[in-house]
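Since the structure comes first, as structure tokens, the remarks are kept for the end.
The values are calculated or read from the model by the stated rules, or taken from the named source; none is laboratory data. The structure displayed is predicted, hence computed values, not measured ones. Neighbour counts run over all protein chains shown; Cβ positions are idealised from the backbone, glycine included. Just so you know, the surface numbers come from the protein's heavy atoms only, side chains and all, with ligands and any DNA or RNA stripped out. Shrake-Rupley method; radii C 1.70, N 1.55, O 1.52, S 1.80 Å.
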Amino acid sequence: QVVKVFGEDGACRSLEASAGTTARQLCETLVRRTRALHDHSWALVELHQHLALERCLEDHESVVEVQSSWAPGADSRFVFRKNFAKYELFKSNASLFPEVMVSSCLEANKSMAHSELIQNFLNSGSCPEVQGFLHLREAGRKVWKRFHFSLRRSGLYYSTKGTSKDPRHLQYFADLTESNIYYVTQGKKLYGTPTEFGFCIKVPIPALGVCGGPWVSLGAPPPRNRTPQLTGLFPQYGMQLYCNYQHAQARLSQPPWIGPTPLRSVSDNALVAMDFSGCTGRVIENPSEVLTAALEEAQAWRVRGPPKPDTPLPTAIHRTQPWFHGRISREDTQQLIGRQGLVDGVFLVRESQRNPKGFVLSLCHLQRIKHYLILPSEEEGRLYFTMDDGQTRFADLIQLVEFHQINRGILPCKLRHYCTCVAL
């Protein structure tokens, strides 16, 4: 079948996919065709624009099967973009759920450590009970009510009487075995959710066996790490998700995809020393003269120093960097970082809207996006950039970013992942 995939810029590319084509295989095809940097953070997102709902497809899911579940004529599409939170559960030491939300299903497991409970949760053999408060809005209703929910392997339940777990008070809500979980991207605007964060359960149609049934919305207070919490709503996928992560790690250790041979070799053997001090250039063959010329060039660069304000080319070289997004608003920045994963260290650099000569470093830390103003300054005819009133100075924005990828500096965390948009 023909599968249309959209980029974040709205451009579309059509690809042929067989019934067995997985989301990971389609992502790898797009990475090769767009010549993007190959890593396991690329994802295929199922987006329902009219409902403001989206979810990241897991690596093992069939793209054709997901597309066939869409209603005819619906404004649904696949989007190819980064999702740095995709495997954050397995890469970091963050817990799947706070300890206060995890309880043991069996009395014998009460002495089990929290890490062991989480491992059991990801295992298909047993499952701890996860509990907490959620705001519920059923289909066809506008009022949100707060209930105490319990997630068990048999399904999702809520109590009609406080936090009681008495079978008389537990109301069966949904079977998550074949259901899909979606983020609500405009919850307050379209659905009146109590908080900005919300998710939605799409239950299957029993007669068809596909997820095309009614939507049942749930709004929740912003958790500490919302992506692993939604992942945890799939107890049947626990070990499968971990296998997906292991396969992704194994693919990164393999030799990268190699494209066509470049027109010019950039190996050290193809580079020769040249002297351009005279009217014409000449090749330097004497090794000692090569070393002297290199030292003179390095000393000349030090004397020359950082570029002056009236030289636009060196100061504008940051425009070629994938982390630079030009003049975009604060709102668009927060939406872009939110779409690509609220993970510590996700960042981008943009032009400041309030200060015409300044720039802004937007960084995600602890599920919040913070903005740091970068100001240019001149001293003794030399231009530099700073975020701390000149205490730490950088010759250009590239040097500033590379420094904070290694050192935290005044930031709450190091720069780990840059937001980028690849044109299809």
* To do: Assess whether V79 counts as being at pLDDT 60 or above, touching a strand residue (DSSP E or B) at 6+ places or on another chain (Cβ under 9 Å) and in a helix (DSSP H, G or I).
  => no
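If you take the residues of the stretch 347-391 that are assigned to a strand (DSSP E or B), aliphatic (A, V, I, L, M) and touching a helix residue (DSSP H, G or I) at 6+ places or on another chain (Cβ under 9 Å), which of them is most open to solvent (accessible area, probe 1.4 Å)? Quick ask: steps written out before the conclusion?
Let us first name the residues in the stretch 347-391 that are assigned to a strand (DSSP E or B), namely 347-351, 359-365, 368-379, 382-386.
Still in the list and also aliphatic (A, V, I, L, M): 348-349, 360-361, 363, 369, 373-375, 383.
Among the residues that remain, those that are also touching a helix residue (DSSP H, G or I) at 6+ places or on another chain (Cβ under 9 Å) are: 348-349, 360-361, 363, 369, 374, 383.
Working: L348: 0, V349: 1, V360: 14, L361: 0, L363: 0, I369: 37, I374: 1, L383: 20 Å².
If we take residues in the stretch 347-391 being assigned to a strand (DSSP E or B), aliphatic (A, V, I, L, M) and touching a helix residue (DSSP H, G or I) at 6+ places or on another chain (Cβ under 9 Å), then I369 is most open to solvent (accessible area, probe 1.4 Å).
Got a sec? Which of V216, V203, V210, V184 is modelled with pLDDT of 85 or more and not assigned by the TED database to the domain that holds E65?
Numbers: V216 fails: modelled with pLDDT of 85 or more; V203 fails: modelled with pLDDT of 85 or more; V210 fails: modelled with pLDDT of 85 or more.
Of V216, V203, V210, V184, the one residue that is modelled with pLDDT of 85 or more and not assigned by the TED database to the domain that holds E65 is V184.
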* Structure fact -> Those residues of the stretch 392-412 that are within 15 Å of H325 (Cβ to Cβ) and either in a loop (DSSP other than H, G, I, E, B) or under 20 Å from the mean Cα position of the chain (by Cα) (or both) come to a total of 1
* Structure fact -> Here the residues within the stretch 166-196 that are out of contact with any Asp or Glu (no Cβ under 9 Å at 6 or more places or on another chain), outside any strand (DSSP E or B) and over 27 Å from E65 (Cα atoms) are D166, P167, R168, H169, K189, L190, Y191, G192, T193, P194, T195, E196
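Please pick out the residue among S14, S18 that is of a type in the set (S, T, N, Q), over 16 Å from L252 (Cα atoms) and part of a strand (DSSP E or B). Explain how you work it out, then say what you get.
Details: S18 fails: part of a strand (DSSP E or B).
S14 is the lone residue from the list that is of a type in the set (S, T, N, Q), over 16 Å from L252 (Cα atoms) and part of a strand (DSSP E or B).
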* Out of all the residues in the stretch 47-76, which are open to solvent by 40 Å² or more (accessible area, probe 1.4 Å), in a loop (DSSP other than H, G, I, E, B) and closer than 15 Å to S18 by Cα? -> H60
* Check E331 against each of (1) modelled with pLDDT of 90 or more; (2) farther than 30 Å from H40 by Cβ and name the one condition it does not meet. => (2)
